[in-house]
Amino acid sequence: MSRLAASLILILLPALAHAEVELSFYGGVQGAPHSGVTVDRPGTASDRDFTAGWEGNSFDAPPYYGLRATWWRENNLGFGVDFNHTKVYSDAETRAEQGLDTLEFTDGLNILTLNAYRRFPDAAYGLTPYVGGGFGVAAPRVEYDDGEGRTDEYQLTGPAVALMAGASYSVTDSMSVFGEYKGTYSQNEADLLGGGTLESDIVTNALNLGVSFNF
């Protein structure tokens, strides 16, 4: 993940000279709607195609969080990198219906995106609204156990998209606080121990609170 983040930053560097640098840290409450899950286990009777119910459990260890670096230009356009440790647990009903011991991405779906932003300084009451979005990859810790073998490892599983909208408020010249909505969409195809694949397109929705430091 660190190598990928470094590569994205290097891509941005030519466009970021003389920009205002902002480092942001956030947490919040995150959940996910139901999504389809397809499991292909060649040569076994463990193939599955079902709808999983997901729980976010944002404050359970490891908690939900995010890190962001943004370079703001004089025209209030920003470019940056965002790492979002979002996560999903299958609910008890899903596991019982499918006879699964484990189905979760709880050491993170780990969405890393290259983003663009637009901000609108001092729109009202000292607030600076902003919107943004970007593209990247999902690198989750895949945890799955159907009795054919327990998968428990980090994998690069597919492309991801992130969207956010919020507002910030300056506390000092170098520090601000912010609140936002953030959504992610990731296409995940994971390899399973014992052979086969697990596929699921997962959407997450989060309300975030955070702090930013400007340089």
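The values are calculated or read from the model by the stated rules, or taken from the named source; none is laboratory data. Every value quoted in this text rests on a predicted model; they were computed, and no experiment measured them. As a convention, Cβ positions derive from the backbone with ideal geometry for all residues, glycine included, and neighbour counts pool all protein chains shown. Accessible surface is based on the protein model in full, side chains and every heavy atom, while ligands, DNA and RNA are left aside. Shrake-Rupley method; radii C 1.70, N 1.55, O 1.52, S 1.80 Å.
Can you tell me which of 92-99, 199-206, 106-113 comes out highest on packing, and rank the rest after it, using the mean Cβ neighbours within 10 Å? Could you put the intermediate results ahead of the total?
Numbers: 92-99: 13.1, 199-206: 19.1, 106-113: 22.1.
Answer by packing, highest mean first, reads 106-113, 199-206, 92-99.
Packing-based ranking of 25-33, 38-46 yields 25-33, 38-46, ordered from highest to lowest mean Cβ neighbour count within 10 Å. To the nearest Å, what is the center-to-center distance of region 21-96 and region 147-192, using C-alpha atoms only? A separation of 5 Å, based on Cα centres. The accessible surface of region 152-215, taken with every protein chain in place and a 1.4 Å probe, is 62 percent carbon and sulfur.
Among the listed values (1) 1.12; (2) 0.94; (3) 1.05, the one matching Cα Rg over 2.2 N^0.38 Å as calculated from this structure is (1).
With +1 on the Cβ of every Lys and Arg and -1 on the Cβ of every Asp and Glu, and nothing else charged, how large is the dipole of region 63-117 about its Cα centre, in debye rounded to the nearest 20? If you can, show how the numbers build up before the last one.
Numbers: 4 positive and 8 negative charges, 78 e Å.
Its charge dipole is roughly 380 debye.
On C-alpha positions alone, give me the angle between the axis of helix 2-12 and the longest principal axis of the chain, in degrees, nearest 10. The angle comes out near 40 degrees.
Give the residue list of chymotrypsin sites (Phe, Trp or Tyr not before Pro) in region 58-144 that are DSSP loop and have at most 13 other beta-carbon atoms within 10 angstrom. Please list the in-between numbers first.
Values: sites: Phe59, Tyr64, Tyr65, Trp71, Trp72, Phe79, Phe83, Tyr89, Phe105, Tyr117, Tyr125, Tyr130, Phe135, Tyr144; in loops: Phe59, Tyr64, Tyr125.
Within region 58-144, the qualifying chymotrypsin sites (Phe, Trp or Tyr not before Pro) (loop, at most 13 other Cβ atoms within 10 Å) are Phe59, Tyr125.
Look at the dipole of region 50-204 built from charges on Cβ: of Tyr185, Pro63, Phe79, the Cα furthest out on the positive end belongs to Phe79.
Taking the Cα centre of the chain as origin and assigning +1 to Lys and Arg Cβ atoms and -1 to Asp and Glu Cβ atoms, the resulting dipole is close to 960 debye.
Residues in the chain average 48 Å² of solvent-accessible surface per residue, probe 1.4 Å, ligands and nucleic acids excluded.
When each of the peptides 147-155, 175-183 is scored by the mean number of other C-beta atoms lying within 10 Å of its residues, the order from highest to lowest reads 175-183, 147-155.
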